[in-house]
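Participant: This is the structure I want to talk about, given as C-alpha cells.
FYI, it's all coordinate maths here, none of it is from the lab. Keep in mind the model is a prediction, meaning the values are calculated, not measured. When we count neighbours, we look across all protein chains shown, and the Cβ atoms used for this are built from the backbone with ideal geometry, even at glycine.
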Amino acid sequence: MRDVVAYLRTRLAEFETEAETSRLHRTGCPAGVSVTESCTCEYPKQLAAGISAQRELIDEFVHWLESEDTSERTRARTHRALLLLVQPWSQRPDFDPYWRLDP
Ligand SMILES: [Zn+2]
C-alpha cells in the first residue's frame with residue numbers, strides 16, 4: 001500500500017501545479033478571459049479544496065492501515081478506498097495493473 005500512497009501523493013502534487021498554472025475558470029468568469037481580471041467563479045478555490053481534501057483522506061487511510069486497532073475488514077475497505085482514489089490515473093503507463101479495480 002505504501003507504493004499506491006506515494007503514487008497518489010505525487011499525482012496530487014502534479015494535479016495541484018497543473019490546476020494552479022492552467023487558469024481553469026468557469027464560462028463567463030472574467031479571470032478566464034483576462035489575466036488582469038479577478039476570479040468570480042471560485043473554481044480554482046474549489047479545485048484546491050478538493051485536492052486538499054484528498055490529501056487528508058489519504059493521511060486518514062494511512063492512519064487506519066497502520067493502527068493495530070483496525071480490523072481486517074476495515075483494513076480491506078481502507079485498501080479499496082485508496083484504490084478508488086487512484087483510479088483517475090489508471091490510463092497512465094506507470095499505473096500498476098494490480099491497483100486496477102473491476103468496472
Ligand atoms: Zn474564475
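Participant: DSSP loop (so not H, G, I, E, B), at most 10 other Cβ within 10 Å: list which GluC sites (Glu not before Pro) in the stretch 1-82 pass both filters. Each step should come with its number before you reach the end.
Facilitator: Numbers: sites: GLU14, GLU16, GLU18, GLU20, GLU37, GLU42, GLU56, GLU60, GLU66, GLU68, GLU72; in loops: GLU37, GLU42, GLU68.
Sites meeting the loop and neighbour criteria: GLU68.
Participant: Could you work out how far helix 72-86 tilts from the main Cα principal axis of the chain, as a 0 to 90 degree angle to the nearest 10?
Facilitator: Approximately 30 degrees, to the nearest ten.
Participant: What does the charge count around CYS41 come to, taking other residues whose C-beta lies under 12 Å from its C-beta (Lys +1, Arg +1, Asp -1, Glu -1)?
Facilitator: Neighbourhood net charge equals +1.
Participant: Express in nm, to one decimal, how much length is gained between LEU57 and GLU72 on full extension, taking 0.36 nm for each residue of separation and deducting their alpha carbon distance.
Facilitator: 3.5 nm is the gain from fully extending LEU57 to GLU72.
Participant: Would you mind checking the tilt of helix 2-21 against the longest principal axis of the Cα atoms of the chain, expressed as 0 to 90 degrees and rounded to 10?
Facilitator: Around 0 degrees separate the two axes.
Participant: Before anything else, pin down the relative contact order of the chain: Cα pairs under 8 Å, at least 6 apart, normalised by residue count, whole percent. Please list the in-between numbers first.
Facilitator: Details: 69 pairs, mean separation 24.8, N = 103.
Normalised by residue count, the contact order of the chain is 24 percent.
Participant: Here is a further query. What whole-number distance in Å separates the alpha-carbon centres of the stretch 1-21 and the stretch 33-56?
Facilitator: About 17 Å separates the Cα centre of the stretch 1-21 from the one of the stretch 33-56.
Participant: If you split all Cα-Cα distances of the chain into 5 Å bins from zero, what percentages do you get per bin, shortest first?
Facilitator: Histogramming the chain at 5 Å steps yields 2, 11, 19, 17, 16, 12, 9, 7, 4, 2, 1 percent.
Participant: Select from VAL86, VAL62, VAL35 the residue whose mean-square fluctuation is largest in a Gaussian network model of the chain (Cα-Cα springs shorter than 10 Å).
Facilitator: Ranking VAL86, VAL62, VAL35 by mean-square fluctuation puts VAL35 first.
Participant: Mind telling me which of ALA31, ALA13, ALA48 comes out most flexible in a GNM of the chain, alpha-carbon contacts under 10 Å?
Facilitator: ALA31
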